[in-house]
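Worksheet: one structure, shown below.
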Amino acid sequence: MYEGPIQTLIDELGRLPGIGPKSAQRIAFHLLNADRDDVERLATALREVADKVRFCDICFNVSEDTTCRVCRDPRRDQATICVVEESKDVAAIERTREFRGLYHVLGGAISPIDHVGPEDLHIAELLRRLSSPVVTEVILATDPNLEGEATATYLTRLLANTGITVSRLASGLPVGGDLEFADEITLGRAFSGRRAVGV
């Protein structure tokens, strides 16, 4: 519809999750009319994310180093690992100040419709971490939706005979919702009331 760089910008913005064609166009024209310094700051931030941010070698949370701040923290409870779908879920749980253990970020959830199977997630790495005798509990904190439940069920069956306690977040989280959007009180109560799961 437009020519050159503005159409390229609209197309690239439109590829972002939750940004439709009209929103992409609105953002593009906002940037076009914005102060050049503001646009440069945004461009710098995008370049720095691409250049500096990586995933933790241990838990796959976002980090600027080979290991994230949680994995480096000696005060964290090494016996408990909370399994989440995405790094944004780690941030949501950390805001509650209810959990003092470690994390493992799967990098998504099992979703046959999206062609995402267990082999596409960081499940093999989780199993390697669980071979340590230090770990005594795994908390499954996947989203309370169809994909999250499928992932939690798969992991529950996979860990059934390991001798490790497997628990799932308690009620308080709405079915079909995302951890990212849960408030601190609801998420905190869900952690406090977590329950053991079995096959």
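Every number here is computed from the coordinates shown, using simple stated rules; none is lab data. Treat the numbers as computed from the prediction; the structure is a model and nothing was measured. In this analysis, Cβ positions are derived from the backbone assuming ideal geometry, glycine residues included, and neighbour counts consider all displayed protein chains.
Mind putting a number on the dipole of the chain about its Cα centre? Charges go on the C-beta only, +1 for Lys and Arg and -1 for Asp and Glu, and I need it in Debye to the nearest 20. Magnitude of the dipole: close to 720 debye. Our coupling estimate for region 65-74, obtained by passing each phi through the Karplus curve with A = 6.51, B = -1.76, C = 1.60 and θ = phi - 60°, is 10, 5, 10, 7, 5, 5, 5, 7, 7, x Hz, Gly and Pro reported as x. Across region 164-170, rounded Karplus estimates of 3J(HN,Hα) from the backbone phi angles (6.51 cos²θ - 1.76 cosθ + 1.60, θ = phi - 60°) give 8, 6, 10, 10, 10, 4, 7 Hz, Gly and Pro being marked x. The angle separating the long axis of helix 87-96 from the principal Cα axis of greatest extent in the chain is about 70 degrees. The ellipsoid equivalent to the alpha-carbon distribution of region 4-52 has semi-axes of 18, 15, 9 angstrom, derived from the gyration tensor eigenvalues as √(5λ) and listed largest first.
Exposure proxy ranking for Glu149, Glu184, based on other Cβ atoms within 10 angstrom of each Cβ and starting from the fewest, stands as Glu184, Glu149. The value given for region 48-199 is a Kirkwood hydrodynamic radius of 15.6 Å, derived from the mean inverse Cα-Cα separation.
Computed from Cα positions, the angle between helix 21-33 and the longest principal axis of the chain comes to roughly 60 degrees. Once the convex hull of all Cα atoms in region 38-130 is built, its volume per residue stands at 138 Å³.
Annotation: peptides 35-43, 51-59, ranked by per-residue average of other Cβ atoms within 10 Å with the highest first, follow the order 51-59, 35-43. Find the all-direction average of the projected area of the Cα convex hull for region 15-80, expressing the result in square nanometres with one decimal place. For region 15-80, the mean projected area of the Cα convex hull comes to 6.8 nm². For helix 146-158, report the angle its Cα long axis makes with the longest principal axis of the Cα atoms of the chain; keep it between 0 and 90° and round to the nearest 10°. Here the helix axis deviates by roughly 30 degrees.
With neighbour counts taken as other beta-carbon atoms within 10 Å, the residues Val49, Val90 rank, fewest first, as Val49, Val90.
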